[in-house]
Amino acid sequence: MKSALITGVTGQDGSYLAELLLSKGYKVYGLRRRTSTQNFENVQNIKDKIEWISGDLTDLASLIEAVRISQPDEVYNLAAQSYVAASWPQPIATGQITAICVTNMLEAVRIAKPDARFYQASSSEMFGKVVETPQKETTPFYPRSPYGVAKVYGHWITVNYRESFDMFACSGILFNHESPRRGLEFVTRKVTDGVARIKLGLQKELRMGNLDSLRDWGFAGDYVKAMWLMLQQDEPDDYVISTGEMHTVKELLEVAFSYVGLNYEDHVVIDQAFVRPAEVDLLLGDCSKAKEKLGWELEVGFKQLIHMMVDEDLKRVEAESRYNQFVYAT
Ligand code: GDP
């Protein structure tokens, strides 16, 4: 039986990846940071199937111990401070977690299980102020946020460990990928949650930032398959994973609001609080290398993804509001 160690397993990608690996018969170890409250929402259905190991990305000794205990064939490093907007008010914490801790994880693998295959979650945010369109593996980076800068470090240290120590280390440059499990602060989920609240009469307006930025949005469930495929190849390499299609935030609003029979212009208010100090105007990925070499294929398209997210948020918000009515009435 193969074993895998995942950092960030309770996040969106970690939970989909854990489900995928469990379905393939892997023993899945999840690194868990000790906190006084735990959020298992994304892994509710599989939490008893995951072997939990206590550890902290900032503490190398705990990572070496986690690798020693799990003896993983594959390590997926998905943990990060992953919200771009939060990286300006917390630039140093973002650098520590999203950049330096990649080296901690690589060191733990190099010391305790150097033949383990390593996946680093790199990001299209590294392309930032893009120097060519579409962006591919060879496109130079020009990050536009402390988050993007930190991810560039994570990417290159992964390449460097591959070249320095002959480790099977891969970097997946994933464009935006979303799902009903996406954090509520990200634009897709903020919109689909807002649409659900407005439709159910719980909220009237939705306050947003820049509606003109263009993103290449795919489904997280499709993207974790690419992570796994990268670690099944004969040679380690880096791959762009994307849909090859881009849409504005305005289009996202149109698709989400019109799905429930509403017009976004009646509800969206521009609020400067959500406009960023430096913006990434457009991201569009060319994933032909992944298609050709990994045989990776996309299954869920943009509209289908947004509709799926609206449907799930309608169900959840309705259930929450029914529960609140019950609590206040009793
Ligand atoms: P990112 O591409 O990793 O930064 O993903 P996000 O989902 O956080 O943001 C995608 C784009 O939506 C960015 O260009 C944001 O500036 C834009 N955007 C516009 N309004 C909002 C908002 O209210 N919240 C967020 N998160 N993004 C917004």
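The values are calculated or read from the model by the stated rules, or taken from the named source; none is laboratory data. Please read these numbers as outputs of a predicted model, since none were measured by experiment. Note that each Cβ is placed from the backbone with ideal geometry, even for glycine, and that neighbours are counted across all protein chains shown. Surface accessibility is based on the protein's heavy atoms, side chains included, excluding ligands, DNA and RNA. Shrake-Rupley method; radii C 1.70, N 1.55, O 1.52, S 1.80 Å.
Listing for the model above:
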quantity	calculated
Selection count, segment 255-273, where residues are buried (at least 16 other Cβ atoms within 10 Å of the Cβ), part of a helix (DSSP H, G or I) and of a type outside the set (Ser, Thr, Tyr)	3
Any chance Ile111 is modelled with pLDDT of 95 or more, crowded, with 20+ Cβ neighbours inside 10 Å and either touching a Leu at 6+ places or on another chain (Cβ under 7 Å) or β-branched (Val, Ile, Thr) (or both)	no
Residues of segment 66-84 that turn out to be touching a helix residue (DSSP H, G or I) at 6+ places or on another chain (Cβ under 8 Å) and open to solvent by 10 Å² or more (accessible area, probe 1.4 Å), as a count	8
Residues satisfying the stated conditions in segment 227-254, i.e. polar (S, T, N, Q), assigned to a loop (DSSP other than H, G, I, E, B) and under 22 Å from the mean Cα position of the chain (by Cα)	Gln232, Ser242, Thr243
Filter result for Leu211 (modelled with pLDDT of 95 or more, in a loop (DSSP other than H, G, I, E, B), within 16 Å of the ligand (Cβ to nearest atom) and assigned by TED's automatic domain parsing to the domain that holds Ala319)	yes
Segment 274-295 - residue that is open to solvent by 60 Å² or more (accessible area, probe 1.4 Å) and of a type in the set (Asp, Glu) and, of those, farthest from the ligand (Cβ to nearest atom)	Glu292
Selection from segment 139-187 of residues that are polar (S, T, N, Q) and surrounded by fewer than 21 Cβ atoms within 10 Å (Cβ to Cβ)	Thr139, Asn160, Ser164
